[in-house]
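*Asks:* Okay, handing you the structure first.
Where a number appears in this text, it was derived from the coordinates with a stated rule and is not lab data. All values reported here derive from a predicted model rather than from experimental measurement. Please note: Cβ atoms are built from the backbone with ideal geometry, for glycine as well, and neighbour counts cover all protein chains shown.
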Amino acid sequence: MKRIALVTGANKGIGFAVAQGLGELGHTVLLGARDVGRGEQARNALRDTGVDDVHLVAIDVADDASVADAAHRIDLEFGRLDTLVNNAGVKLEFHPAPPSQASMEEVRATYATNVFGTMSVTLAMLPLLRRSEAGRIVNLSSGLGSLGLAADTSTVYATKCMLGYNTSKTAINAVTLQFANELRAGPIKVNAADPGYTNTDMTHRDGARTASQAARVAIRLATLPDDGPTGAFFDNAGPLPW
Ligand code: NAP
């Protein structure tokens with residue numbers, strides 16, 4: 001049976017590349033975008049690459065009503081979900097800065113999308129994922145959210161501080177573990193992915209890695225076999241410390 005995959009924030013960047021990769025693997029792609037115009041453009045761009053089975057889903061992850069509406073429409077049209085890639089995210093701090101200089105406005109706005117958005121989408125889509133024979137949830141995290149890496153003060157993970165962004169990804173790691181532990185006895189696997197520093201709008205096109213290269217880890221976790229891991233954190237090279 002063809003798998004049905006929702007990727008949030010898929011109108012550009014890593015999310016678009018994940019949607020493309022899953023489409024190329026034969027999944028029905030639900031391309032999540034908060035702006036319908038940008039979403040339609042992305043859907044057309046995806047079709048131009050040869051991925052035909054792609055459907056636009058309007059979803060603003062920071063808006064509970066939009067999330068509920070998206071889940072309702074997926075239920076009506078598809079009846080289930082096999083894969084959820086929680087990719088939508090923001091990095092509102094322009095530059096790293098000591099935490100003592102953080103703006104609470106930026107921190108709260110970051111959490112609204114990265115943390116509460118991911119929780120909200122996961123809760124809304126879980127009933128649909130429970131209807132899958134092999135549900136997969138992939139949360140886009142970051143090495144910058146790893147406490148294990150940040151505890152080593154000689155590393156960039158300790159020095160590249162963004163109070164909102166980094167801690168929002170630490171929270172995503174905790175969210176990943178909580179859902180993985182609850183769902184461990186069943187067929188749904190929940191893992192976190194660090195795509196690495198990537199050449200997207202989020203990094204102001206500063207990263208060396210392409211979005212397609214960055215998408216690989218999320219695509220791998222979205223297509224894990226039944227005996228694959230759950231409750232783990234990976235980058236392209238392998239497991240990362242929480
Ligand atoms: P990006 O190019 O800035 O794309 C972010 C995507 O998220 C866009 O489609 C954006 O939509 C969407 N989005 C933002 N807020 C949203 C909301 N409230 N509801 C729905 N969609 C929303 O970023 P990226 O580099 O591809 O990053 C994708 C994910 O990877 C993020 O979770 C990011 O934290 C993570 N990550 C990225 C890097 C990196 O180096 N780039 C490294 C580690 C982790 P609009 O176009 O409408 O703004």
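*Asks:* Could you give the angle, 0 to 90 degrees to the nearest 10, between helix 116-129's Cα long axis and the longest principal axis of the Cα atoms of the chain?
*Replies:* The angle comes out at about 30 degrees.
*Asks:* Same structure again: Angle between the Cα long axis of helix 13-24 and the longest principal axis of the chain, 0 to 90 degrees, nearest 10?
*Replies:* That works out to roughly 30 degrees.
*Asks:* Let me know the charge dipole size of segment 4-239 about its Cα centre in debye, to the nearest 20, where only the beta-carbon of Lys, Arg (+1) and Asp, Glu (-1) is charged.
*Replies:* In total the dipole reaches around 280 debye.
*Asks:* Let me ask something additional. At what distance in angstrom do the alpha carbon centres of segment 9-45 and segment 49-71 lie from each other?
*Replies:* 9
*Asks:* In addition: With a 10 Å Cβ neighbour count serving as the proxy for reagent exposure, in which order, fewest first, do 182, 106 appear?
*Replies:* So the residues, fewest neighbours to most, are 182, 106.
*Asks:* With no solvent and one point on each alpha carbon, what is the Debye value of log10 I(q)/I(0) for segment 4-239 at q = 0.10, 0.11, 0.17 Å⁻¹?
*Replies:* Those come out to -0.42, -0.51, -1.27, one per q.
*Asks:* Next up: Summing -39500 (n - 2.57) over the DSSP H runs of n ≥ 4 in the chain and dividing by its residue number, what mean residue ellipticity at 222 nm do you reach, to the nearest 500 deg cm²/dmol?
*Replies:* It lands at -13500 deg cm²/dmol.
*Asks:* Next question. Identify all lysines with a Cα-Cα distance to residue 2 below 23 Å; exclude those on the same chain that are fewer than 8 residues away in sequence.
*Replies:* Straight-line reach from residue 2, under 23 Å: 189.
*Asks:* What percent do you get for the relative contact order of the chain when only Cα pairs under 8 Å and 6+ apart count?
*Replies:* 19
*Asks:* From the square roots a ≥ b ≥ c of the eigenvalues of the alpha-carbon gyration tensor of segment 144-242, which class results: rounded (a/c under 1.5), prolate (a/b over b/c), or oblate?
*Replies:* Oblate, because a/c is 1.5 or more while a/b does not exceed b/c.
*Asks:* Percent antiparallel among DSSP beta bridges with both residues in the chain, to the nearest 5?
*Replies:* Percentage antiparallel, nearest 5: 10.
*Asks:* Something else: Roughly speaking, what is the centre-to-centre gap between segment 97-127 and segment 141-209 when only Cα atoms are used, to the nearest Å?
*Replies:* When both Cα centres are located, 13 Å separates them.
*Asks:* How far, in degrees from 0 to 90, does helix 36-48 lean away from the longest principal axis of the Cα atoms of the chain, to the nearest 10?
*Replies:* Relative to the chain, helix 36-48 is tipped by roughly 70 degrees.
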